[in-house]
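**Q** Got a structure for you, written out below as structure tokens; questions coming shortly.
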Amino acid sequence: MPFQLLYQHVGYSAINMQLREATISDIRQIQIVRHSVKENTLSNPERVTDADCEEFLTKRGKGWVCEIDGLIVGFAIADLKDNNIWALFLRPEFEGRGFGHQLHELMLDWYFGTGKENVWLGTLPNTRAEKFYRKKGWKETGLHGDKEIEFEMTRADWLEKKHEVYY
């Protein structure tokens, strides 16, 4: 079920934004968003294929998109098989408006609602993503591969963080 709202942010006019579950027909726009980012870029853009996206959306987990007037401006995908966040990306011109926060919250509510107790992700150091995840309460647990910081969120930490935000 899509979540729609009239979104207004300081310095921006009101826009009609919709959060909804991603579908296979969204993959083309998801790939455009993924390739538009300025940080955490893919060294080989062909490394993440449309077939990979379809597998993560339909077999391994679930995804969501943030859409404005039919244009996907961000997406998030959680992977139940490997207990990780496979993707959370926004078009650069839509960063800093709260869309990433809303995708993050929707994704983690769903993920922990499946009964999972922890989730991890990797991101490059010294990026907006690193700052975002730290602010959201993710805990650094070491390195993922050679270059990425590995973060973890437990169900208990997520519920506590949500409680801080809403109460």
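**Q** Of the cross-linked pairs K62/K147; K116/K162; K38/K162; K135/K161; K59/K162, which ones have a Cα-Cα span greater than 20 Å in the structure shown?
**A** On the way: K62/K147 26 Å; K116/K162 17 Å; K38/K162 29 Å; K135/K161 10 Å; K59/K162 28 Å.
Those over the limit are K62/K147; K38/K162; K59/K162.
**Q** Take the alpha-carbon positions of the chain, form their convex hull, and give its projected area averaged over all directions (one quarter of the hull surface) in nm². List each step's numbers first, then the result.
**A** Numbers: hull surface 40.0 nm².
Mean shadow area of the hull around the Cα atoms is 10.0 nm².
**Q** If you don't mind, another one. Please give the contour-minus-distance gain from T141 to E54: 0.36 nm per residue of separation, less the Cα-Cα distance, rounded to one decimal in nm. Could you put the intermediate results ahead of the total?
**A** On the way: separation 87, 0.36 × 87 = 31.32 nm, distance 2.92 nm.
Working it through step by step, the gained length comes to 28.4 nm.
**Q** What is the extension gain from K81 to R28, computed as 0.36 nm multiplied by their sequence separation minus the C-alpha to C-alpha distance, in nm to one decimal? Each step should come with its number before you reach the end.
**A** Details: separation 53, 0.36 × 53 = 19.08 nm, distance 2.35 nm.
Residue separation times 0.36 nm, minus the Cα-Cα distance, leaves 16.7 nm.
**Q** Can you work out the PRE-style zone for L159? Point 7 Å along Cα to Cβ, and I want the residues of segment 93-112 with backbone N under 20 Å.
**A** Residues 105-112 qualify, since their backbone N sits under 20 Å from the label point.
**Q** What percent does the relative contact order of the chain come to when contacts are Cα pairs within less than 8 Å and at least six residues apart? Before the final figure, lay out each step's value.
**A** On the way: 256 pairs, mean separation 26.6, N = 167.
It comes to 16 percent, rounded to a whole number.
**Q** What percent antiparallel are the DSSP beta bridges of segment 58-136, to the nearest 5?
**A** 95
**Q** So how strong a dipole does the chain carry about its Cα centre when Lys and Arg Cβ are +1 and Asp and Glu Cβ are -1, to the nearest 20 debye? Let's see the in-between values first.
**A** Details: 22 positive and 26 negative charges, 55 e Å.
That gives a dipole near 260 debye.
**Q** What whole-number distance in Å separates the alpha-carbon centres of segment 106-167 and segment 18-92?
**A** Each part reduced to its Cα centre gives a spacing of 18 Å.
**Q** Roughly what % antiparallel, to the nearest 5, for the DSSP beta bridges in the chain? The partial results should precede the final answer.
**A** Values: 35 of 36 bridges.
Around 95 percent of the beta bridges assigned by DSSP in the chain are antiparallel ones.
**Q** I would also like to ask the following. Which order do the peptides 86-95, 141-150 come out in when sorted by mean C-beta neighbours inside 10 angstrom, highest first? Don't skip to the answer; put the middle values down first.
**A** Numbers: 86-95: 18.8, 141-150: 12.8.
Going by the mean number of other Cβ atoms within 10 Å, highest first, we get 86-95, 141-150.
Where a number appears in this text, it was derived from the coordinates with a stated rule and is not lab data. None of the values given here were measured: they were computed from a predicted structure. Cβ coordinates were reconstructed from backbone atoms using ideal geometry, including for glycine residues, and neighbour counts include every protein chain displayed.
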